[in-house]
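This report refers to the structure that appears directly beneath it.
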Amino acid sequence: MEIIKDNIDIISIVFSTLSMIIVLSFLIRSMRKPRYDSISKRALLDDLRKSYENEVYNYNGRMVSTKERWQDINHLLLRDEIIKSNEDYLKINNLRLNKFLISNGINEADLIIDKRLIFVLTPFNPRFEKDFFIIKKTCDEVGLRCVRGDEEFFSSDIFSQILRIIVQSRLVIANINGRNPNVLYELGIAQALDKPTILITKTPNDLPIDLKSKRFLVYNDNQDLVVMLKRELIRVLSE
C-alpha cells in the first residue's frame, strides 16, 4: 500500500507540473497581446511561480511525512556511507580581494569577519519560517547573531549587499529543503569564497551530486535540528 501511495504522489506531482507548463505556455502567448502591460505580466508569472514552488514543496513534504519514509530516503546517510566528517570546515578563511569582489563593490574593510555574525540562506516562503526562527533562536542561545537577507535594509544593489554579508559572516547556514534556486546560487558563491558553511536538510538524497560531499545536518524534526545545530555552533565558538 505504501508503494501505491508513493506512486500516486509521484503521478500527482507530474500531472501538476504538466498542467503548470501548459498554463505558463498559454500565458506567455497571451502576454504578447498589447492589452497586457508589464506589471500584469510580472504579477501573473509570479503567481504561477509561487504555485509551482508550493507544489514541489508539498511533494517533498509528503515524501518525508512519516518517520519510515524519512529513514528510507536517508538510509545511506544514516549509515554514514555518503557524508564523512570534515574537521576543518569551521576554520575561518583568509579571504583576499579579487576581481569578482571588487567588481561588486567589496573593499578591504569589508573583509573583516564579524565573529558573531551568522548568515542564513533560506527560501522566502512561509513554510520555512519556523526553520529560520529555530536557527535564529539556537544562535541567540550560544551568543551568535543570526540574520537573513530579507531582514536587512538594502539601499542599493541587493546582490552586492548580500555578497558583503556573506563575506563578513563567520559562518553561513543554508536551508537546502526544497532546492530553492536562490539558496543554491548564494550557497555556490559562499563555497567559492571558501566560506565555512553548514547545510541543513531533511532530504539530502534529492540534492545535486556536487553538494553530497559537503558537510550538512540531516534532521527529522525540529528537536533534531535544535540539538544538532547547537552542537555544531558550539564547535564554531571553540575554534
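The values are calculated or read from the model by the stated rules, or taken from the named source; none is laboratory data. Since the model is a prediction, treat every value here as computed from it, not as a measurement. A quick note on method: Cβ atoms are made from the backbone with ideal geometry, for glycine too, and the neighbour counts reach across all protein chains shown.
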Inset, instruction - Could you please give the count of residues in segment 146-159 that are exposed (fewer than 15 other Cβ atoms within 10 Å of the Cβ) and at pLDDT 85 or above? - result: 1
Inset, instruction - Please work out if ILE106 is β-branched (Val, Ile, Thr), buried (at least 19 other Cβ atoms within 10 Å of the Cβ) and in contact with a strand residue (DSSP E or B) (Cβ under 9 Å, 6 or more places away or on another chain). - result: no
Inset, instruction - Evaluate segment 158-170: report whether one residue or more is assigned to a strand (DSSP E or B) and in the same structural domain as ASN222 (by TED's automatic domain parsing). - result: yes
